[in-house]
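Just below is one structure, and these are the notes that go with it.
The values are calculated or read from the model by the stated rules, or taken from the named source; none is laboratory data. Computed from a predicted model, the values in this text were never measured in an experiment. Positions of Cβ are backbone-derived with ideal geometry, glycine not excepted, and every protein chain shown enters the neighbour counts. Remember, those area values only see protein heavy atoms, side chains included, never the ligands or the DNA or RNA. Shrake-Rupley method; radii C 1.70, N 1.55, O 1.52, S 1.80 Å.
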Amino acid sequence: MSKSLSVAALTVLHAVAQGTAHGFDIIDSTGLPGGTVYPALSRLERDGFVSSSWEDVHIARADHRPPRRYYRATPLGVRTLNEALGRLHALKPVRAARATRPVRDSR
Amino acid sequence: MTLNHDRSLRLLDVISVLVPSGERETWRREWRAEFAYALHDRGHQPRPGSAWVIGRLGSATRHALWLRASSIRLDTLAQDVKHGIRSLRRRPAVTLAAVLTLALGIGANTAIYGAVRAVLWRPLPYPGADRLAIVSSLDRTSHGGPELNSVSPPDFADWLRESASFEALAAISDGGFALTGSGIAEQIPAAAVTGRFFDVLAVQPRYGRALTAGDDVMGAPNVVVLGYDLWRRRFAGDPNIVGRTIVLDGVTRAVVGVMPREVDLPLGTDAWLPLRFEPNDLVTQRGAHYLTVVGRLRHDVDLMTARTEMKALSDRIQSRLSNKNQGTHAVVHPLREAIVGDVRPAMRVLMGAVGLVFLIACANVASLVLGVALGRTHDFAMRTALGASRGRLIRGVLVEMLILASTGAVLGVAAAAAAMRGIAGFQSAGIPLLDQTHVDMSALAFTAAATAIAAGLVGLIPALHASRADVVVPLRDSNGRATGDRRRARARSLFVTAEIAVAVTLLVGAGLLTRTFLGLTRVDLGVDVDHVQTFSISLPDDRYKERPRRAAFVKELTEAIAARPEVESAGAAFGLPLSDFTYSITTFERDGQRLSPEDQNRSIVQLRVVTPGFFRAMGMRVVRGRAPAAADAAGSPPVVILNEAAGRLLWPGQEALGHRVTLGTRLGGANRVGGEVVGIVNDVHDAGPAAAPRPTLFAVHAQFPTDFVTVAVRPRGTPVGLIDTLRTAVAALDPNVPLFDVRTMEERAGAAVAQPRVYLRLLAIFAGLAIVLASIGVYGAMAHTVGSRTREIGIRMALGATRREVVSMVLRRAGTLAIIGVAIGLAFVGLARQPLDRILFSVTATDAATCVAASAAMLAVAWLAAWIPARRASRIDPVRALRSE
């Protein structure tokens with residue numbers, strides 16, 4: 001993998017790969033702030049992990065609104081996502097380490 | 001306001017400006033569609049509220065900024081920088097001139113910004129300093145309009161009890177105290193303050209404790225809090241000073257605390273001690289205005305509310321008192337305003353002046369780099385042909401200018417740091433807080449902004465030029481200079497006109513201040529200050545409580561000094577001419593008649609107490625009657641001397657001699673100050689040459705002895721070691737009485753004109769800079785014009801034009817530009833008239849002579865700068881000129 005993705009970018013890519021196609025829906029489904037989601041989308045698209053196109057104009061017109069942009073994960077994106085998830089999965093949970101020093105009473 | 005659909009879309013359009021143009025349309029479509037979808041009435045879902053919309057608009061902004069930031073590729077920026085540096089280094093002379101000019105412009109502005117910030121803007125070093133206020137008495141009936149007055153103890157006590165606007169109020173009575181005991185006796189500036197003074201300032205001591213409410217009670221222990229400077233200087237910064245004792249004016253006081261360095265109120269105070277009032281004073285001393293009152297406004301009270309409340313409160317007090325306090329109102333001013341006083345217009349003028357220097361510097365540099373940019377038409381065309389975008393070319397030019405300006409800024413800040421040290425040293429100028437001038441983060445931020453503006457201004461025309469780079473014409477026709485030249489000439493003319501306009505403005509300003517300064521120094525102050533030496537003494541209470549002892553000390557001292565062979569005359573006074581010592585008192589009786597309260601307040605005079613030799617030592621003339629004599633002693637009938645203004649005030653249209661007057665004060669003695677008027681002396685401009693003389697009554701020290709006097713000594717010739725002689729004379733009478741405020745009268749008189757002198761000096765520097773820069777600009781522009789017209793001039797001469805005609809042709813052009821510039825400059829002066837008039841004296845901003853002189857000077861300089869290239873043009877050999885292409 002050429003570029004390592006941030007957790008936020010992975011979350012966004014994951015949402016897109018699962019079929020959440022529109023910006024605002026991704027914000028709602030991931031719970032990430034919009035100021036994080038959109039730059040992540042732009043970067044994922046620039047790096048070829050997602051591609052975008054415009055909603056069918058007839059659907060939009062029937063709804064009396066402009067067509068929305070929708071995102072889809074590219075095969076490269078899906079592969080990268082799965083690799084990253086696999087690596088994450090390989091990590092095992094850790095129990096909280098015990099304090100090596102006794103914590104002094106701080107009043 | 002609710003953010004509906006349409007408004008959101010409009011805001012999105014605004015935000016879309018941030019997005020790089022290549023991606024803007026896609027961005028706009030996507031965001032509009034998402035908003036439309038979300039705000040679309042889908043029947044089953046509630047539409048989101050304003051908070052949601054604002055949040056999403058924020059997201060859109062962040063997205064736009066991200067796209068913009070990621071579009072600036074660092075590698076191309078580095079390329080631009082490298083390219084810029086290379087292109088600047090190719091023309092070292094132009095670059096050096098431009099950098100130095102910008103350094104001057106930016107440096108001068110940073111320095112003045114620092115000074116103005118120190119005086120007007122930097123918060124005072126107290127927590128919540130914007131809520132600190134000074135409460136004064138406004139004296140409505142005093143001559144010459146309402147005058148701010150100090151506060152009397154009963155007024156203060158009433159305010160303290162009844163006002164609701166302040167968290168805390170404190171009264172200050174500042175003065176000097178003799179510090180004796182450890183080391184040499186020394187007079188230190190100290191302030192007696194009431195208990196909550198340090199609560200008002202909300203400051204904590206560095207060591208020990210501050211004064212508290214218990215300290216100002218009568219009979220509480222004698223304590224003192226030291227200021228940082230005194231503690232460092234006199235006690236070597238000893239951290240164990242708390243608990244030790246010092247002797248002030250003969251009273252032993254325990255040091256209970258040391259304040260940190262920034263605590264300095266009133267300015268220059270070295271120590272604070274409790275101010276205590278005799279219960280009786282709080283009732284009877286309603287006319288004794290000597291307190292400064294400082295308060296901290298409550299959180300929920302603003303200045304206007306406090307003003308209203310205090311005005312109502314003083315009306316209430318007045319009605320209770322029927323007559324005694326008529327005409328005074330409590331007024332509230334922010335602390336800074338009270339400290340800084342009326343230097344605001346002067347600061348505004350200085351800022352304007354230095355801003356103009358900045359514009360001239362930018363115009364000069366713009367004119368310099370313009371030629372270079374036009375010379376690079378080929379370069380731009382070539383790069384456009386090779387695929388560089390216009391944006392890229394513009395950015396290249398701006399980056400180059402930014403490098404230029406930043407280099408100038410670095411030099412400028414270094415120069416500004418030095419200049420600020422110089423400005424902070426103008427301490428004697430009487431401009432408060434000016435000594436706090438230094439480079440700080442805010443000054444650096446200001447420099448950065450000035451640098452960016454300079455780069456923008458300087459790069460504007462070259463950048464526009466780059467953006468209009470035509471691919472075909474310059475590449476095809478290497479001779480296509482005509483259009484470029486015309487454009488260049490037009491831009492140059494603009495710069496020259498602007499520079500001349502700005503320089504004329506500054507010249508007129510400097511001229512007006514010169515005349516102000518001369519006018520001030522020419523005013524006859526009413527005293528003869530040459531060689532007169534003065535010093536003050538304050539007799540400590542413990543040994544000089546009895547008034548005859550004070551009188552005897554001062555009498556013996558002045559007589560002993562006057563008897564010295566090197567002394568022509570000597571005298572002492574409570575309140576020296578030309579000092580800011582104002583002790584104004586209402587007149588109580590005139591010729592035995594009690595004055596009505598209105599009349600009392602209408603006839604307020606300044607009280608001074610003098611010894612027989614004083615008028616002679618001070619060079620004041622007895623106009624009629626006589627000066628005080630040795631016979632006017634404690635037991636003999638009291639006499640007073642009036643100045644002419646007081647004579648006119650008290651007995652308008654009559655001879656005051658022989659009348660009797662009594663003032664509303666006893667000066668701590670048994671009888672009211674007053675007596676028969678036995679002499680009239682000339683008026684003295686006490687508050688400086690610009691202010692009218694104050695009506696003054698002089699009592700005789702032997703009859704009304706004070707513990708504080710200033711001794712004035714007029715020597716014969718210029719004796720060496722006079723001050724040592726005077727010290728010896730004082731020490732011979734009492735070694736524990738220190739001399740302080742040892743200054744010549746010339747210094748005191750100089751202080752009165754010190755402030756205009758500082759402004760004059762700064763404005764003269766700016767005007768000088770402006771005229772030098774402008775003449776360089778005119779010269780450069782004319783030299784270029786002549787150079788580019790070599791061929792034309794050659795043709796004209798070949799066709800029979802004489803040298804004279806050529807010279808006058810060039811001069812005519814320069815003259816036209818100069819005259820237009822001068823006219824615009826004079827219009828600028830008209831715009832700055834109001835702040836200017838407030839710092840001028842004996843001349844107005846529209847003074848014809850000054851305007852004419854400045855215009856003539858500027859025209860002469862412009863013509864001279866044009867004459868050199870004109871002469872060169874007239875020497876052109878027609879044959880060579882025609883061949884040169």
Where in segment B:43-123 are the helices (runs of 4 or more DSSP H), entirely inside, with at least 2 residues that are surrounded by fewer than 19 Cβ atoms within 10 Å (Cβ to Cβ) and within 14 Å of chain A (Cβ to nearest Cβ)?
B:50-71
Out of B:ARG743, B:ARG757, B:ARG748, I need the residue that is in a helix (DSSP H, G or I) and touching a Phe, Trp or Tyr at 6+ places or on another chain (Cβ under 9 Å). Which one?
B:ARG757
Which residues, taken from segment B:3-24, are under 20 Å from B:ALA38 (Cα atoms) and among the charged types (D, E, K, R)?
B:ASP6, B:ARG7, B:ARG10, B:ASP13
Taking segment B:30-41 and the residues there that are more than 16 Å from A:PRO39 (Cα to Cα) and assigned to a helix (DSSP H, G or I), the one that is modelled with the lowest pLDDT would be B:LEU39
Examine segment B:292-313 for a residue that is without any contact (Cβ under 8 Å) to a residue 40 or more places away in the chain and open to solvent by less than 70 Å² (accessible area, probe 1.4 Å), and state whether such a residue exists.
yes
Inside segment B:851-877, can you point out the residues that are outside any loop (DSSP other than H, G, I, E, B) and over 42 Å from the mean Cα position of the chain (by Cα)?
B:PRO869, B:ALA870, B:ARG871, B:ARG872, B:ALA873, B:SER874
With in contact (Cβ under 8 Å) with a residue 12 or more places away in the chain, farther than 24 Å from B:LEU179 by Cα and among the small types (Gly, Ala, Ser) as the only criterion, which of B:GLY664, B:GLY721, B:GLY668 stands out?
B:GLY664
Just a yes or no: is a residue in segment B:804-815 of a type in the set (A, V, I, L, M) and open to solvent by 60 Å² or more (accessible area, probe 1.4 Å)?
no
Output the qualifying pairs, or none if there are none: Cβ atoms under 6 angstrom, residues six or more apart or on different chains, first residue in segment B:19-35 and more than 8 Å from chain A (Cβ to nearest Cβ) and under 18 Å from A:ALA21 (Cα atoms), second residue in a loop (DSSP other than H, G, I, E, B) and open to solvent by less than 50 Å² (accessible area, probe 1.4 Å).
B:TRP27/B:VAL19
Select from segment A:61-85 the residues that are in a loop (DSSP other than H, G, I, E, B) and open to solvent by less than 70 Å² (accessible area, probe 1.4 Å) and write down the one among them that is modelled with the lowest pLDDT.
A:ASP63
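I'd like to verify a number: residues in segment A:13-30 that are under 19 Å from B:TRP27 (Cβ atoms) and away from chain B (no Cβ under 13 Å), how many?
1
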Go through segment B:689-725 and give me each residue that's within 20 Å of B:PRO735 (Cα to Cα) and hydroxyl-bearing (Ser, Thr, Tyr).
B:THR706, B:THR710, B:THR725
Which condition does A:SER4 not pass, out of (1) more than 10 Å from every other protein chain (Cβ to nearest Cβ); (2) buried (at least 16 other Cβ atoms within 10 Å of the Cβ), if it passes all the others?
(2)
Which of (1) assigned to a loop (DSSP other than H, G, I, E, B); (2) touching a residue at least 12 places away in the same chain (Cβ under 8 Å) does B:PRO548 not meet, given it meets every other one?
(1)
Which one of B:VAL256, B:VAL357 is in contact (Cβ under 8 Å) with a residue 40 or more places away in the chain, of a type outside the set (Asp, Glu) and more than 30 Å from B:ARG209 (Cβ to Cβ)?
B:VAL357
Check off (1) more than 8 Å from chain B (Cβ to nearest Cβ); (2) within 12 Å of the chain's Cα centre (by Cα); (3) open to solvent by 20 Å² or more (accessible area, probe 1.4 Å) for A:PRO33 and give me the number that stays unchecked.
(1)
For residues that are facing chain B (nearest Cβ under 8 Å) and of a type in the set (Gly, Ala, Ser), scanning just segment A:37-66, find the one that is nearest to B:HIS5 (Cα to Cα).
A:ALA60
Checking the structure you have, find out if any residue of segment B:666-683 is out of contact with any Gly (no Cβ under 7 Å at 6 or more places or on another chain), over 23 Å from B:LYS555 (Cα atoms), open to solvent by less than 40 Å² (accessible area, probe 1.4 Å) and not in a strand (DSSP E or B).
no
Can you pull out every residue in segment B:691-714 that is touching a Leu at 6+ places or on another chain (Cβ under 7 Å) and either among the acidic types (Asp, Glu) or surrounded by fewer than 19 Cβ atoms within 10 Å (Cβ to Cβ) (or both)?
B:ASP707
Members of segment B:684-734 found to be in contact with a helix residue (DSSP H, G or I) (Cβ under 6 Å, 6 or more places away or on another chain), assigned to a strand (DSSP E or B) and not aliphatic (A, V, I, L, M), listed by number:
B:THR696, B:ARG714, B:PRO715
Those strands (runs of 3 or more DSSP E) lying entirely in segment B:576-662 with at least 2 residues open to solvent by less than 50 Å² (accessible area, probe 1.4 Å) and closer than 20 Å to B:PHE704 by Cβ
B:584-590, B:604-610, B:639-643
Would you please list the contacts, defined by Cβ atoms under 9 Å and residues six or more apart or on different chains, that run from a residue in segment B:686-712 that is on the phi < 0 side of the Ramachandran plot to a residue that is assigned to a strand (DSSP E or B) and of a type in the set (Lys, Arg)?
B:THR696/B:ARG608; B:LEU697/B:ARG608; B:PHE698/B:ARG608; B:ALA699/B:ARG608
